[in-house]
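Down below is the structure, laid out as structure tokens.
Values in this text are rule-based calculations from the coordinates and carry no lab data. All values reported here derive from a predicted model rather than from experimental measurement. Cβ atoms come from the backbone with ideal geometry, glycine included; neighbour counts cover every protein chain shown.
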Amino acid sequence: MAKEMMKGNTAIAEAAIRAGLDAYFGYPITPQTELLEWMSVRMPELGRAFVQAESELGAINMVYGAACTGKRVMTSSSSPGISLMMEGLSYIAGTEVPMVLVNVMRGGPGLGNIAPAQADYNQIVHGGGHGDMHPIVLAPASVQEAIDLTVLAFDLAEKYRAIVVVLIDGSLGQMMEPGELPPMAPLKTAIPDWAVRGGDDGKRRTLSSIYLNPPDEEVTNLRLERRWQEVQANEVRYKEYYLEDARYVVTGFGSAGRIALSAVRAARAEGIPVGLLRPISLNPFPRQVIADLSERVEGFLVTEMNAGQMLDDVMAAVAGRKPVEFYGRMGGVVPFPDEILGEIKRMVNGQVPMSGHPRDRWLERMPRAN
Amino acid sequence: MQTEIIIAGFGGQGVLFAGQLLAYAAMEEDKAVTWIPSYGPEMRGGTANCAVVVADEEIGSPFVKHPQAAIVMNLPSLDKYEALVAPGGVLVVNTSMVDRPCQRPDITVVEIPANEIAERLGDRRMTNMVLLGGLLAQLPVVSMEAVDKALKEHLPERHQKLLPLNRQAMQEGASQPARV
Amino acid sequence: MDTAQHELEQVVYQRPESLMEVDTHYCPGCTHGVAHRLVAEVLDEMQVRQRTIGVASVGCSVFAYNYFNTDFVQAPHGRAPAMATGIKRCLPDRIVFTYQGDGDMASIGMGEVVAAAARGENITVVFINNANYGMTGGQMAPTTLPGQKTTSSPNGRDVETQGFPMQAAELLATLEGTSYSVRRSLHDPKNVRMAKKALRTAFEVQARGMGFSIVELLSVCPTNWGMTPLQSLKWLEEAMIPFYPIGDYKVNPALAGLRF
Ligand SMILES: Cc1ncc(C[n+]2csc(CCOP(=O)(O)OP(=O)(O)O)c2C)c(N)n1
Ligand code: SF4
């Protein structure tokens with residue numbers, strides 16, 4: 001297949017369709033709307049299900065119902081809409097039905113704005129929905145990665161009967177880049193045994209997230225946790241740049257990660273031995289990779305478009321072995337490579353203290369408006 | 001090798017499309033490329049800009065602060081981007097829409113009365129193509145042929161008859177003198 | 001200016017005190033501005049500006065709080081009637097109104113508005129029906145007409161898969177707690193005058209503690225309809241009104257004989 005120039009939003013939509021999406025449910029919200037609009041054209045054209053729901057609450061529960069039939073289903077939204085979906089996501093996790101969710105993050109909290117941000121990391125990676133639940137979270141940084149990870153998302157969702165979130169920020173949704181779409185996969189014909197079907201095979205199937213008897217609920221939780229161990233063992237993904245001889249490591253995901261790549265190259269051009277680790281699976285998090293790096297490098301710089309959410313996971317992995325610094329921009333403001341380069345130099349030239357919290361040091365450096 | 005270009009002007013001046021053409025042309029030449037629009041509240045206010053990065057390796061930041069080149073199609077864009085073009089870079093100015101010269105001595109400046117040229121060619125919508133021609137003459141980040149091909153592939157059916165005019169507009173722009 | 005001339009002058013147009021002296025961000029020809037002005041005039045006439053709290057919704061009117069010269073809050077998408085309920089229950093002697101679009105009130109917020117009306121919540125809802133989602137770029141709304149093309153019903157709303165439009169004024173009129181539910185239009189001066197009267201009545205309902213009041217205002221969105229302002233006024237009149245008849249769907253009998 002030849003390369004095509006696509007916006008991240010439409011690339012994800014078309015990739016999902018090519019991956020055999022049976023049903024899409026969504027509600028308009030910027031900067032994700034092109035995805036829904038693409039679906040509104042393509043899905044009916046292909047004779048597949050498309051519903052513009054009355055709300056994100058409606059959308060996620062339509063997905064819940066559709067997922068119970070064992071079909072390939074997805075929804076997409078942006079931050080405020082994702083907040084509304086949390087209840088449904090928890091039910092879906094508790095019922096162990098597969099689904100794909102795309103979150104095109106924007107500035108917040110609250111109504112915020114429609115500019116790119118990464119401030120839903122904690123909500124998505126560390127829960128949001130109630131109960132012990134572990135969505136698989138994939139964070140592409142380019143249109144091609146968005147396509148590939150969307151296709152992968154459906155496979156992982158089905159393999160682990162899990163929620164898989166493709167987490168991008170508004171800029172990747174709006175950006176155009178060449179990408180190669182997969183060929184059109186046929187729709188699934190076999191449905192998993194657990195799926196409700198109203199069939200006459202003599203089996204009655206029920207799907208629910210209620211386990212009134214606590215020991216039964218505990219058994220369910222144990223099953224979910226053991227399955228999550230499997231995910232942690234098999235599904236860690238990340239990309240390394242210039243790490244072979246690096247003495248310092250910059251790390252960031254999605255757009256912040258690719259912006260950092262420019263900064264790392266600029267630093268390399270000045271002879272600074274720095275590399276980049278860009279986590280692709282945010283959940284499971286490449287904890288061991290970071291732990292291993294912390295044995296041989298001198299320091300880490302975490303860069304995000306939030307107030308240091310992935311930072312906590314990096315710090316847990318580094319476990320105090322080496323200094324960690326943080327640089328973030330928030331509220332829809334994007335860091336430029338020269339800002340990150342400045343931070344790299346500060347880290348390399350100065351002594352980064354092991355005491356205190358990197359977030360506090362970062363806040364100290366940020367301007368005070370009031 | 002990486003080249004960064006910003007195109008800025010009012011909405012409706014073909015700013016985003018000119019950027020997309022560059023991107024399509026770069027893809028045509030098998031280069032890595034990103035195109036990113038400004039989006040958000042400013043969209044409604046009427047100003048528009050986009051950043052295009054063309055490279056021969058995986059592109060890092062699609063966001064650009066100090067581009068190697070900028071096309072500014074109106075005065076607010078000149079005011080904003082004149083100072084931001086990297087030293088030694090190129091600034092293409094649509095003099096039809098600005099009332100002052102560019103002050104930077106350390107960059108190549110191409111001043112083009114693009115609205116007038118487009119009108120003389122008989123179609124005001126060619127303004128962006130005139131300026132794009134002016135840019136490519138100084139900074140051949142993609143070939144005119146590739147742009148031509150991109151145009152052919154991405155102009156809507158009903159505008160295909162405008163292909164020769166687009167080409168002529170680019171050439172007019174390319175023949176404008178530059179101040180180094 | 002000499003006094004003689006001054007005495008001859010008559011004020012025919014003045015910014016209501018309840019509107020701020022700022023330019024709005026609405027598109028040329030958009031009737032959101034007209035609706036704002038009518039509400040402001042009513043608040044002025046009733047002299048309640050300084051005891052009014054507005055609740056802005058999510059949609060093109062999200063910045064209503066910048067335009068009304070009254071206290072204002074801004075609700076999550078669709079939740080304005082719930083926020084208004086909270087405010088009214090804490091400050092029962094204030095005038096509390098929501099200003100909501102059709103996506104906001106009739107789609108994501110249908111639950112909240114129905115519940116508020118059923119409770120007979122003593123608030124006023126100003127409901128702008130422009131047959132699409134303006135702010136997000138013209139997607140289908142619950143009010144989109146059958147066959148109407150939008151960015152999410154590119155082949156025209158197909159009632160088979162996308163359902164029928166929602167007639168909010170009629171629907172809310174069926175609830176016991178609703179005192180006043182009417183539909184008006186903003187497409188010409190006569191209708192604008194009728195709309196203002198209805199808004200006045202709605203706020204008077206609230207001032208008298210008579211429960212839930214709503215005025216649905218048919219409005220234009222030239223930008224997303226892809227029309228000139230004039231064309232859009234004509235489209236409203238010719239395409240929308242047949243489906244959304246102007247009328248009174250519920251008027252509390254206790255209002256009979258009241259003149260404002
Ligand atoms: C929870 C949530 N979902 C979606 C959105 C995106 N959104 C913003 S405005 C809007 C629609 C507004 O349309 P309408 O209420 O008809 O008002 P109009 O803009 O037409 O005046 C939507 C869906 C949001 N802000 N929050
Ligand atoms: S988009 Fe439509 S509703 Fe919104 S301000 Fe413009 S004309 Fe009015």
By per-residue mean of other Cβ atoms within 10 Å, what is the highest-first order of A:109-122, C:233-246, A:309-322? A:109-122, A:309-322, C:233-246
Within the range C:21-255, the percent of DSSP beta bridges that are antiparallel, given to the nearest 5, stands at 20 percent
Sticking with the crude label model, points 7 Å out along Cα→Cβ, report the distance from C:Leu258 to A:Gln232 in nm, one decimal please. 6.5 nm
Table column - 3J(HN,Hα) (Hz), the range C:14-27, Karplus curve with 6.51, -1.76, 1.60, x for Gly and Pro: 8, 5, x, 5, 6, 10, 6, 8, 9, 6, 8, 9, 5, 5
Net charge near A:Met176 (other residues with Cβ under 13 Å of its Cβ; Lys, Arg +1; Asp, Glu -1) is -1
For C:Ala141, distant residues with modelled amide H under 5 Å away: C:Tyr133
³J(HN,Hα) across the range C:88-93 via Karplus (A = 6.51, B = -1.76, C = 1.60, θ = phi - 60°), whole Hz, x for Gly/Pro? 5, 5, 8, 10, x, 8
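Once a ≥ b ≥ c are taken as the square roots of the eigenvalues of the Cα gyration tensor of the range A:264-370, is the result rounded (a/c under 1.5), prolate (a/b larger than b/c) or oblate (a/b not larger than b/c)?
rounded
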What is the sum of charges, Lys and Arg at +1 and Asp and Glu at -1, for the other residues whose Cβ falls under 14 Å from the Cβ of A:Met86? -3
Could you pull out every residue, at least 5 positions away or on a different chain, whose amide H is within less than 5 Å of the one on A:Asn283? Hs are placed 1.01 Å off N in the peptide plane, and Pro or chain starts have none. A:Val137
Going through the cross-link list C:Lys149/C:Lys197; B:Lys152/C:Lys234; A:Lys7/B:Lys161; A:Lys188/A:Lys239; B:Lys80/B:Lys149, which pairs have a Cα-Cα distance over 29 Å in this structure? C:Lys149/C:Lys197; B:Lys152/C:Lys234; A:Lys188/A:Lys239; B:Lys80/B:Lys149
Using DSSP, restrict attention to beta bridges with both residues in the protein assembly as shown and report what percent are antiparallel, rounded to the nearest 5. 35 percent
Average beta-carbon neighbours from other chains, 10 Å sphere, peptide B:53-66: 6
Mind listing P(r) for the protein assembly as shown? All alpha-carbon pairs, 10 Å bins, whole percents. 2, 12, 19, 22, 21, 15, 7, 2, 0, 0
Likely footprinting exposure, C:Cys90, C:Cys30, fewest C-beta neighbours within 10 Å first: C:Cys90, C:Cys30
Honestly chain C on the Cα gyration tensor test (a ≥ b ≥ c root eigenvalues; a/c under 1.5 rounded, otherwise a/b vs b/c for prolate or oblate) is just oblate
So what does log10 I(q)/I(0) come out to for the range C:59-108 at q = 0.16, 0.27, 0.29 Å⁻¹, using the Debye formula with one equal point on every Cα and no solvent? -0.45, -1.10, -1.19
As an exercise, identify the GluC sites (Glu not before Pro) in the range A:269-350 lying in DSSP coil whose Cβ has no more than 14 other Cβ atoms within 10 Å. A:Glu270
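Give me the percent of DSSP beta bridges within the range A:33-183 that run antiparallel, rounded to the nearest 5.
5 percent
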Karplus-derived 3J(HN,Hα), 6.51/-1.76/1.60, for each residue of the range C:138-146, Hz, glycine and proline x: x, 7, 5, 10, x, 8, 4, 6, x
What's the local net charge at A:Lys239, with K and R +1, D and E -1, over the other residues with C-beta under 11 Å away? 0
Dividing the convex hull volume of the Cα atoms of the range A:4-234 by its residue count, what figure in Å³ per residue is obtained? 124 Å³
Hey, got a sec? Which trypsin sites (Lys or Arg not before Pro) in the range A:239-279 land in a DSSP loop and have at most 15 other Cβ atoms within 10 Å? A:Arg247
Over the whole of C:152-160, what's the average partner chain Cβ count within 10 Å per residue? Rounded to a whole number, please. 3
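If r is the Cβ-Cβ distance from A:Arg197 to A:Lys159 and R0 is 22 Å, what FRET efficiency results, to the nearest 0.05?
Result of the calculation: an efficiency of 0.60.
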Return a whole-number percent for the relative contact order of chain C, with Cα pairs under 8 Å and 6 or more residues apart as the contact set. 18 percent
Long-range amide H partners of B:Glu111 with built H, under 5 Å: B:Val93, B:Arg179
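Give me a single rounded figure for B:8-21: the average over its residues of other chain Cβ atoms within 10 Å of their Cβ. Provide the component values of the computation, followed by the final result.
On the way: counts 0, 0, 0, 0, 0, 0, 0, 0, 1, 0, 0, 1, 2, 0.
Averaged over the peptide's residues, the number is 0.
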